[in-house]
Amino acid sequence: MSDTARKELCNYLLITVGTGLMALAVQWMYVQIGLVTGGFTGLAIVVRSLTSSVIQGGIPLWLTNIGLNLPVFCYAYVRYGRRMMGKAVYGAVMLSVWLYLIPVMDFSGGDYMLSALLGGTVGGIGIGMVLKAGATTGGTDLVAVLLRFKMRHYTVAQIMQVLDGAIVLMGMYAFGLRPSFYAVLAILVTSRVSDALLEGFRSSKAALVITNRYAEVANNLMAGLERGVTGLEAKGMYTGTYKCVLYCVVSRKEIFRLKEIVRKTDPDAFVIVSEVREVLGEGFLDYDAL
């Protein structure tokens, strides 16, 4: 098997497991207490609740998910061709399959906080796995992309926020105010967990050092931290003089040591420290680990 085929197989395995975890969060943590966290699955929870008086148990989530995604995918295929489909079809189908196979359970015992935290964590891991495979599960993600072609003055993220916000408001109408607040908490947890899975937990710090003793500071940083330092040519707009600004990326544990080295070398140095979400390359995360 070629490397490309092996990678594709791994991607589809990630989608399969990831959608399973997403369905687990919905069926075991969200449905029974009415946590509507946006997306087509959130809308499916609302539909299930509203139709429970007409149909015993309401319309199943998997059926609503398929029913909502099918016209969206058909429109995307007819209007834009296969380039809009990709692995999204497989992700949407697998999510519906898992929603059909996994039974509804009240895993949290009616505890809203536990449902939001645990459901957000499990769902976030699942979404992170799906996104890491380069796929989506259709739903509001795909709708936002399609609407973006007609509403180019808005970003996909902005459109998604409006769509998911509208679904959360529907959940507020169907289940009340309390579940909606915990649903927002679950959304925040899901977002943080999926981001951490995609970008890794090895967040770093970047430091910009403005000093007149740049050569000495750079040498001390390279010797004391064994990290590379880059000199950037800059101009002070007040004085009109040119300076060398030092740029250095270190781990979170090393930032205190960096500030100590700069302080001891040049107490008058100006230091700016900022967060770095991900660093690839020598001394940090290897490309092969992606």
Cα extents of the range 1-156 along the principal axes, largest first, in whole Å, come to 45, 38, 29
Computed, not fitted: 222 nm per-residue ellipticity of the chain from DSSP H runs ≥ 4 (each -39500 (n - 2.57)), nearest 500, equal to -19500 deg cm²/dmol
The long-range amide H neighbours of LYS243, using H built 1.01 Å from N in the peptide plane and a cut-off of under 5 Å, are ALA234, LYS235, GLY236
Using alpha-carbon coordinates alone, the radius of gyration and Dmax of the chain in Å work out to 24.5, 78
Given 214-226, 179-191, 123-135, the highest-first ranking by average Cβ count within 10 Å works out to 123-135, 179-191, 214-226
In Å², rounded to a whole number, the accessible area per residue of the chain with probe 1.4 Å is 57 Å²
Taking placed amide H atoms and a strict 5 Å upper bound, the residues 5 or more places from THR51 or on another chain that come that close are ILE59
Once normalised by the length of the range 224-283, the mean sequence separation of its alpha carbon contacts under 8 Å that are 6 or more apart gives a contact order in percent of 27 percent
Tilt, helix 3-25 to longest principal axis of the chain (alpha-carbon atoms), in degrees rounded to tens, equals 60 degrees
Distance in nm between TYR77 and LEU188 label points, each 7 Å along Cα→Cβ, equals 4.1 nm
For LYS205, the accessible surface traced by a 1.4 Å probe with all protein chains present amounts, in square angstrom to the nearest 10, to 40 Å²
Residue by residue through the range 128-140, the couplings from Karplus 6.51 cos²θ - 1.76 cosθ + 1.60 with θ = phi - 60°, in Hz, x for Gly and Pro, are x, 5, 5, 5, 5, 7, x, 10, 9, 10, x, x, 5
Here the range 112-249 gives, from Cα atoms, an Rg and Dmax in Å of 23.1, 65
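Hey, with R₀ at 41 Å, roughly what FRET efficiency would LEU13 and THR241 work out to, going by the Cβ-Cβ distance, to 0.05?
About 0.10, to the nearest 0.05.
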Computed on Cα atoms, the radius of gyration and Dmax of the range 175-263 in angstrom are 20.6, 64
For SER2 and MET113, extending 7 Å from Cα along the Cα-Cβ vector and measuring point to point gives, in nm, a value of 5.4 nm
So the number of lysine pairs in the chain with alpha-carbon atoms under 12 angstrom apart, 8 or more residues apart or on different chains, is 5
For the chain, the charge dipole (Cβ of Lys, Arg +1; Cβ of Asp, Glu -1; about the Cα centre) points to a positive end, and the Cα of TYR12, GLY165, TYR77 closest to that extreme belongs to TYR77
In whole Å, largest first, the alpha carbons of the range 141-214 cover along the principal axes 64, 34, 22
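The values are calculated or read from the model by the stated rules, or taken from the named source; none is laboratory data. Computed from a predicted structure; not experimentally measured. Note: ideal-geometry Cβ built from the backbone for every residue, glycine included; neighbour counts use all protein chains shown. Just so you know, the surface numbers come from the protein's heavy atoms only, side chains and all, with ligands and any DNA or RNA stripped out. Shrake-Rupley method; radii C 1.70, N 1.55, O 1.52, S 1.80 Å.
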